[in-house]
Amino acid sequence: MFVVCESAPTGTPAADESGPTRPRRTAWLRVGVARALGVGLALCCLCLPSAGCDDDPLRPVPEPRPEPEPEPEPEVLLPVGYLEATVTYRPPGLTAGVPDREVPLRVWFPAAEGSGTPLEMYGIGDIVEVPTDIAFADASPASGQYPVMLYSHGNFGEALIGYPYAERFAQKGWVVVAPTHVGNSVIDRVAGNEAPFAQSFLYRVLDLEAAADWLEAPTADVLAGVADTSQMFVIGHSFGGATTLTFAGAPLSVAAFNQRCTDAGDTDSCSFLARDGVAEAFEAVSGDPRVKGIAPQAPAALPLFADPGLSDIPVPAVLMTARRDMTTTQEESAVPAWNQLGRAGDIWVEMPDGGHFSFISTCFDLTTFERGIFQPGDNEDGCGPDFLPPEQALAGLIEYALSYAELVVLGDASAGDDFDVELEGFVITRP
């Protein structure tokens, strides 16, 4: 170790003109102090070998560095199984000789590790194929019982439209069922088998009830005992949003349905409403006690609900809308819906640059030609380049829907923290 100290002065001090020549004590005192310090520092360095002898002894001791933040726990994602089934029931309003209603179901569920092969290839008839890298065919369910999510597609849609939501929910431990609302599906429109509006409205709600009942006693034995229908969350888009609101408890106005069919010249709907038992079914269909929370997306047909409207729904809701929606507009749908909801616990998720088709995957799953057949005009209502990118929109909607379901159905309070963060392209409003 070396300590550099000030050298002692050499030579003879200069004589003072006023007296005899004397040593300058102050100079030598400084030298003595310097030597003492030098020895002291050297000893310190010898006694504390970890110290840096070239450091400034008066420099403050640096604060210890904070411990690095722990890495977040990796997200646990369960394997996903997929199957198709059919539920059959007899709704009110069917005339004599008409067979029972058969509703196709698409079902996703948490699968046992290593079961199921190959990966599923989704399809709509022989028209559209959609590959997946998540859901497996012929899989066995994971052990245990899981909460339920029901998905209701929009006007002339198909149950498959819900697959991005379904796969994500199933990965997180939910059983998901999406019925294809027969008479109001894309296949029915292409084939010219469209049901009257009033009939579709009523039967859609009954389809959700039948799907939930089916889960309690599934014809697919593989799912026996897997679903806990007492913990149920419902998502629906557009017409499916109205279906969701009704299923959760929003009362319908038979008078409003009759007025609509008269004003629109919809004689088929008027005839259906006049059948035995139909009016009573409309009044009784609202509300299923198994539902614990809902996510209506761009809900349609709000004027058909009876007073007090959506505020009478007994479960919490996360309303999801798009400000540039041209089908269910901000003025006619989003704002009135929030004004009727907006209760403690409700949340409003908006996309300022979203459109009506920002809620589903058809913007990127279908070719331009296919979209022209199934949903003409979607480029101006969510799929065009000046809207929020559809993949980004859908990803955000799925995460907000899942967080809300975990909050209100499973009671996971930490899931509510996700609404303290506005993802890019989204705005969150609370009452």
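The values are calculated or read from the model by the stated rules, or taken from the named source; none is laboratory data. As the structure is a prediction and not an experimental result, all values here were calculated from the model. Cβ sites come from the backbone with ideal geometry, for glycine too, and all protein chains shown count toward neighbours. These accessible areas exclude ligands, DNA and RNA; they are computed on the full protein's heavy atoms, side chains included. Shrake-Rupley method; radii C 1.70, N 1.55, O 1.52, S 1.80 Å.
Counting only protein heavy atoms and a 1.4 Å probe, tell me what percentage of the chain's accessible area is made up of carbon and sulfur.
55
Placing unit charges on C-beta atoms (Lys and Arg positive, Asp and Glu negative, everything else neutral), compute the dipole magnitude of the chain about its Cα centre in debye, rounded to 20.
Computed charge dipole of the chain: roughly 1600 debye.
Using a 1.4 Å probe, what is the accessible area per residue for the stretch 342-431, in Å²?
With all protein chains present, the stretch 342-431 gives 42 Å² per residue.
Peptides 374-385, 90-101: what's the order by average Cβ count within 10 Å, highest mean first?
374-385, 90-101
Using a 1.4 Å probe and ignoring any ligands, DNA or RNA, find the accessible area of Thr362 and quote it in Å² to the nearest 10.
My reading of the accessible area for Thr362 is about 10 Å².
Going by alpha carbons, how many degrees (0 to 90, nearest 10) lie between the helix axis of 390-408 and the longest principal axis of the chain?
Rounded to the nearest ten degrees, it is 90.
Which order do Arg275, Arg343 take when ranked by solvent-accessible area (1.4 Å probe, heavy atoms of all protein chains), largest first?
Arg275, Arg343
Which one, (i) 25.7; (ii) 36.9; (iii) 22.1, gives mean projected area of the Cα convex hull in nm² as derived from the coordinates shown?
The value matching this structure is (ii).
Taking amide H positions as placed 1.01 Å from N in the peptide plane, with prolines and chain starts having none, which residues 5 or more places from Ala135, or on another chain, fall under 5 Å of its amide H?
Under 5 Å from the amide H of Ala135: Glu120.
Step through the residues of the stretch 304-310 one at a time and calculate ³J(HN,Hα) from phi using the Karplus curve (6.51 cos²θ - 1.76 cosθ + 1.60, θ = phi - 60°), rounding each to whole Hz and writing x for Gly and Pro.
Each residue of the stretch 304-310 in turn: 8, 8, 7, 4, x, x, 5 Hz.
What ranking, highest mean first, results for peptides 397-410, 71-84, 233-246, 294-307 when packing means the other Cβ atoms within 10 Å averaged over each residue?
Order by mean packing, descending: 233-246, 294-307, 397-410, 71-84.
Can you tell me the 0 to 90 degree angle between the C-alpha axis of helix 239-248 and the longest principal axis of the chain, rounded to 10?
90
Taking H as built 1.01 Å from N, whose amide H comes closer than 5 Å to the amide H of Asp346, not counting residues under 5 places away?
Here the answer is Ala317, since their amide H atoms fall under 5 Å of that of Asp346.
State, as an integer percentage, the relative contact order of the chain based on alpha-carbon contacts under 8 Å between residues 6 or more apart.
11
Using each residue's phi in the stretch 323-331, evaluate 6.51 cos²θ - 1.76 cosθ + 1.60 at θ = phi - 60° and report the 3J(HN,Hα) Karplus result to the nearest Hz, with x for Gly and Pro.
So the J values, rounded to whole Hz, are 5, 9, 5, 9, 9, 10, 6, 4, 6.
If ligands, DNA and RNA are left out, what is the accessible area of Met326 with a 1.4 Å probe, given in Å² to the nearest 10?
Solvent-accessible area, nearest 10 Å²: 130 Å².
Report the extension gain between Glu69 and Ser311 in nm, rounded to one decimal, defined as 0.36 nm multiplied by the number of residues separating them, less their alpha carbon distance.
82.7 nm is the gain from fully extending Glu69 to Ser311.
Quick one: angle between helix 197-216 and the longest Cα principal axis of the chain, in degrees between 0 and 90, rounded to 10, please.
Compared with the principal axis, the helix lies near 70 degrees.
I'd like the accessible area for Thr262: 1.4 Å probe, protein heavy atoms, all chains in place, Å² to the nearest 10.
The accessible area of Thr262 comes to roughly 90 Å².
Output wanted: per-residue J couplings in Hz (rounded whole) for the stretch 160-166, from phi through Karplus 6.51 cos²θ - 1.76 cosθ + 1.60, θ = phi - 60°, x for Gly and Pro.
With coefficients 6.51, -1.76 and 1.60, one gets 4, 4, x, 4, x, 5, 4 Hz.
Run the numbers for Met121 and Ala264: contour at 0.36 nm per residue of separation, minus the present Cα-Cα distance, in nm.
47.4 nm
Can you put Asp138, Asp268 in order of accessible area, largest first, using a 1.4 Å probe?
Asp138, Asp268
Along the Cα→Cβ direction, 7 angstrom out, place labels at Ile187 and Val427. What is the inter-label distance in nm?
For the pair Ile187/Val427, the computed spacing is 4.1 nm.
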